[in-house]
Amino acid sequence: MFEAEVRVELKKGVADPEGKNTKKALDLLGFDKVLEVKTSKFFTITLDTNSEDEAKAMMDDMCVKLLSNPVIHIPLINIKEV
């Protein structure tokens, strides 16, 4: 069995309105040393397979089909045996 951790980030140059609004709110709360806020999504997925290669292939497929949009996102995948 394997566990995959997937962090989906926006590609450089893609607008991040949620990050900008969060930074603005932090500024209003007095956190004036915050230079930038970037948002990302994080998934933890447990896979019923004994093959790390199969786990990697499954995660790549999931990222393309559902977890990320290849036009604007970069999925960062970490797989470990559990």
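Figure legend. Inter-residue proximity from the stretch 59-82: first residues within 16 Å of Met1 (Cβ to Cβ), second residues crowded, with 17+ Cβ neighbours inside 10 Å and among the β-branched types (Val, Ile, Thr), beta-carbon distance below 6 Å, spacing 6+ or different chains. Indicated pairs: Met59/Ile77. Scanning the stretch 13-50 for residues that are surrounded by 10 or more Cβ atoms within 10 Å (Cβ to Cβ) and part of a helix (DSSP H, G or I) turns up Glu18, Gly19, Lys20, Asn21, Thr22, Lys23, Lys24, Ala25, Leu26, Asp27.
Throughout, read-outs are computed from the coordinates displayed, never taken from laboratory work. Please read all numbers here as calculations on a predicted model, not as lab measurements. A quick note on method: Cβ atoms are made from the backbone with ideal geometry, for glycine too, and the neighbour counts reach across all protein chains shown.
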